[in-house]
Amino acid sequence: MDLNLTADEKAFRDDLRAWLKENVPEPWPATLGTEQTPEYAQYLRDWQRKLFEGGWAGVSWPKAYGGRDATPIQQSILLAELIRTHAPEQLGVIGEGLVGPTIMVAGTDEQKARFLPRILSGEDVWCQGFSEPNAGSDVAALGTKAVRDGDDWVVNGQKIWTSFAQFSDWCLLLVRTDFEAPKHKGITTLLVDMKSPGVSLRPLRQMSGDSGFNELFFTDVRVPVANQLGETNNGWRVAITILMNERANLGSSMFVFIDQAVKGLIEQARTLTKNGKPLSEDPVNRQKIAQAIAELEVYRLNVDRALSGLTKNQTPGPEGSMLKIYWSEMYQRIAQTAMEVLGDVSQLAGFDNGNCIYRYLRSRGSTIEGGTSEIQRLIIAERVLGLPKSY
Amino acid sequence: MDFDLSKPQKLLQQSVRDFCQRECPAERVRELMETDTAIDDVLWQGIADQGWIGLHLAEEYDGLGLGLVELAVVAEELGRACVPGPFLSTTWAATLLSLSGSSALAEKHLPQLIEGAGKGTVAFLEEGAGWCLSQPQVTATVSGSQVTLNGKKHLVTDAGVADLMIVAARGEQGLCLVLADPSSDGVTVEATPGIDSTRKLAQVTFADATVPAANILAQGAEAESALKRSRQVGIVVVCAEMVGSSQWMLDTTVEYAKTRKQFDQLIGSFQAIQLKCADMFLQTESSRAAAYYAAWALTEGTEDAERAVSIAKSYCSDAARFVGGTAVQAHGGIGFTWEHGLHLYYKRNKANEFLFGDATYHREQIARLTIDAA
C-alpha cells in the first residue's frame, strides 16, 4: 500500500497543470437556458479541439489509436484537474469515454479508421441512445425497432435522456432487430448520423430548470448496414461494456465537483452570521459540515482505491456501482446540509448565484441517471455478493 | 499510487486469519467472555510469539519495525474473529511507552509487553470528563524519589489483567504520565461490567498509591504529544477492528441469505434483503478505505494525518453500528438471540464507538481542523 503518486503520475500531472494554466478559456457566462445555443456549442467545440491539439484528448486510448496509454489513475488526474481549473465541460466525453473504446472492441477496421480519429480530434461529437420512455432501468426492454431493407436498417422509435444530443453529429443507438428472441438477444447497435432524414430532437427541461437532456425521435431513418457495430442481435453485450465504462468514469470528476460545493459552504458558514455569530461557530452546524467533509473524503479514498484496482486489473467491474451510489446519495445529503446550515435565504435564486437551489434540485436526478441507486444496489447484491437474481 | 495491500501485507493478513480460526474459534470467544478477565494466557502468548504485539515498534525494543498499515491488518483480522484479550490495551500502552521521553523505562518494560510476558493498559478516562486532553483530576504528587497518585479512573480497558498501567495524571507541569503497577498498595481495580464482555472494563482507584519518581514517563507538552500520538495509533487499531467486525457481519448475513428460506424462496432473492446487503457492503468497504488511509497517513506523517484519523473514527463508528443493526434485522429472529454470534460483534462495536472518542467527538475535531483552519 503506497498512496503517493508515482514519478510518472506526478510528471503527467505537472505537465497537465502547466498546459491548463495557459489554455483554459474564460468560463461561459452562466445564464440559464444558453446551453442550447450554437454559440455555446462552438465554445465547447473550440475547447475540445484545443485539448486534442495539446495532446490531452483520449489520453487513456492506446497509442495505436492516437492516445497515450494513460492509466486510469492518470485519466482521473486529468478529469480532476479539468474541474479544478473550471475548464469547460468536455463535449467529447461520450465519444472519448464510451463510444471510442466500444468501437475499438467491436468495430471493423473500416469503422475504426473512419470514426476514431474524428472522435479524438473533436470533429465528431457523439451521444448515446439507450433509455426509452418505457425502457428505463430495464434498458433491454427497449422498443425502438430497426427493420432490414436492402443494405439499410430502417429505424423507428423514441429515445429519452440523451445528453449532448443537441450538439451531436453521431449517435450510438440500441435498436431491437429481433422481436421473437428473449429481450437481451434481439438488440443490435447502430452508429447513426444525426443529420439523417427522420431524426429530430426536443430538449427535456429538468426540475432544476436547465435542459441538459433531450428526447430523440426516429421516423423511417435509414442507417447503412456498414454502420452496424458488432454482430446483429449481439448489441446487449456492447451495451454492457458501455455501461460499465460509464459507471467507472464519473468518479473523480464528481469528487472535485462536490468538493467545490463543500468548500463554498465552509466559506459561507464562516462569513454569514446568525444572532451575531458566524454560522460556523454553531455546534450543530459544525457537526453537519464535518459530516459532509468526512463523507466526501471517504469518497475520495474509495475512488482512489477503485482506480488503483482498475489500473492493475484493467476491466471496470461492479465496484463502479458502489461509487455511483456513494457520490449521488452524498451529493443529495450535502446539498441538503448546505441549505440547513445556511438557512432561509438559501432558497433564493439570487443567493450564491442560485447554486444552493441548483444542487438541491439537480442532485435528485443523480440517483436516477446512469442506473438508479436501486439498480446499482441490485448489481452489487448479485455480482459482488453472489445473491440470486431478483428481477 | 497503490491502495492494495502489498504481498507481505497479504501474507500477514492470511496468517492472522488462519491463526484466529485455529486458536480462537467462536466457541472459544464465548467461553472467554464468560470469565472475569476474558483472557487466555496460551492464546495471548501465541499472539505475542507471532510478533503481532508491538509489530509497529522499533526493533531495539524487540518490535518488528513495521508500519501502522501492518498493525491495521492484524487488528482487522482480530476484529473479524472478535478475539478477546488485551491486544488494544497493550498496543496502546506499548506505543505510549515507546513515545515517552524515558528510554530507560521503555527498555525495561517494552520487551516484556512485546514478548507476551506482561500486559499493559492506559488509565485515561475520568468521571465527568470525556476524551479531551484536559487536565486530569487524578493527581501525581512528587515528593523526593516518590510519586503519590490519588483519584479515580474509570472505563479502563483490561485493567484486571494488566501488569503495567500508564496513568494520565495531573502533575506540577500539567499532564503527567506515570507508570504504575495495578497490583501495588493503594491501587484498587474494580470490575465494571459493560456492554462488551469480550473486553473487560474496570474502575481504578488510587489512594496514596506510591511509585518511584523514575516511573514518570513524560510531563507537560511532551506527555501531551506522546498521549495524542498513542491515541491516534489506538484509533487505527479500533477502526481496523470495526472493519473486520463489519466484514464478518456482512459475510454472515450474505451466507444466511443464501440458505434461509421463507415463502418457499431464499430470502437472499428478495430485493428488500439485497438492498440491505448492498448497503452493508458499501459501508464496510468505505470503512476499510478510511481506516487504512488513516494508518498510511499516520505512518507517512502526511499533513492531513490528524484529520484522516478523525474521519476514520467518525466514519467507521457510524458504519459499524449501521452494519450491525442491519445484519440483525436481515437475520430476523435468530439474529436477536444469545445463541447467534451477531450480538458479540454488535456489542464490541458499541464499545469501540466510544473508545478514543465517538463520532460526534471526532466530527468536532474535523470541524476544528478544517472549518476553523480555512
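Summary of computed values
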{"item": "Residue in region A:129-136 that is at pLDDT below 95, over 22 Å from A:PHE213 (Cβ atoms) and open to solvent by 10 Å² or more (accessible area, probe 1.4 Å) present", "result": "no"}
{"item": "Tally, over region B:259-278, of residues that are farther than 15 Å from A:ILE380 by Cα and within 7 Å of chain A (Cβ to nearest Cβ)", "result": "1"}
{"item": "Whichever residue in region B:320-346 is among the β-branched types (Val, Ile, Thr) and part of a helix (DSSP H, G or I) and, among such residues, is most open to solvent (accessible area, probe 1.4 Å)", "result": "B:ILE334"}
{"item": "Residue list for region B:298-319, restricted to those being open to solvent by less than 20 Å² (accessible area, probe 1.4 Å) and under 14 Å from B:ALA240 (Cβ atoms)", "result": "B:LEU298, B:ALA308, B:VAL309, B:ALA312, B:LYS313, B:CYS316, B:SER317, B:ALA319"}
{"item": "Qualifying residue in region B:146-159 (condition: open to solvent by 70 Å² or more (accessible area, probe 1.4 Å), outside the structural domain of B:ALA351 (by TED's automatic domain parsing), in contact with a strand residue (DSSP E or B) (Cβ under 7 Å, 6 or more places away or on another chain) and within 27 Å of B:SER314 (Cα to Cα))", "result": "yes"}
{"item": "Search result, residues across region A:159-179 that are open to solvent by 50 Å² or more (accessible area, probe 1.4 Å) and either touching a residue at least 60 places away in the same chain (Cβ under 8 Å) or within 18 Å of A:GLY92 (Cβ to Cβ) (or both)", "result": "A:TRP161"}
{"item": "Helices (runs of 4 or more DSSP H) completely within region A:283-376 that count 2 or more residues being within 18 Å of A:LEU265 (Cβ to Cβ) and away from chain B (no Cβ under 11 Å)", "result": "A:319-342, A:355-366"}
{"item": "Strands (runs of 3 or more DSSP E) contained in region A:81-172 and holding at least 2 residues under 28 Å from A:GLN376 (Cα atoms) and not hydrophobic (A, V, I, L, M, F, W, C)", "result": "A:126-129, A:152-160"}
{"item": "Qualifying residue in region B:121-130 (condition: over 24 Å from B:SER246 (Cβ atoms), at pLDDT below 95 and either hydroxyl-bearing (Ser, Thr, Tyr) or surrounded by 19 or more Cβ atoms within 10 Å (Cβ to Cβ) (or both))", "result": "no"}
{"item": "When residues of region B:247-259 are limited to those that are touching a Leu at 6+ places or on another chain (Cβ under 7 Å) and not β-branched (Val, Ile, Thr), the one nearest to B:GLY341 (Cα to Cα)", "result": "B:MET249"}
{"item": "Test result for B:ALA191, within 18 Å of B:THR121 (Cα to Cα), under 26 Å from the mean Cα position of the chain (by Cα), open to solvent by less than 70 Å² (accessible area, probe 1.4 Å) and modelled with pLDDT of 95 or more", "result": "no"}
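Residue-by-condition table, conditions (1) farther than 30 Å from A:PRO72 by Cβ; (2) more than 14 Å from chain A (Cβ to nearest Cβ); (3) touching a residue at least 24 places away in the same chain (Cβ under 8 Å); (4) crowded, with 16+ Cβ neighbours inside 10 Å:
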| site | (1), (2), (3), (4) |
| --- | --- |
| B:MET1 | no, no, no, yes |
| B:LEU5 | no, no, yes, yes |
| B:GLN14 | no, yes, no, no |
| B:ASP18 | yes, yes, no, no |
| B:GLN21 | yes, yes, yes, no |
| B:LEU32 | yes, yes, yes, yes |
| B:ASP36 | yes, yes, yes, no |
| B:ASP41 | yes, yes, no, no |
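The values are calculated or read from the model by the stated rules, or taken from the named source; none is laboratory data. Model, not experiment: these values are computed from the prediction. As a convention, Cβ positions derive from the backbone with ideal geometry for all residues, glycine included, and neighbour counts pool all protein chains shown. Surface areas here come from the heavy atoms of the whole protein model, side chains and all, with no ligands, DNA or RNA. Shrake-Rupley method; radii C 1.70, N 1.55, O 1.52, S 1.80 Å.
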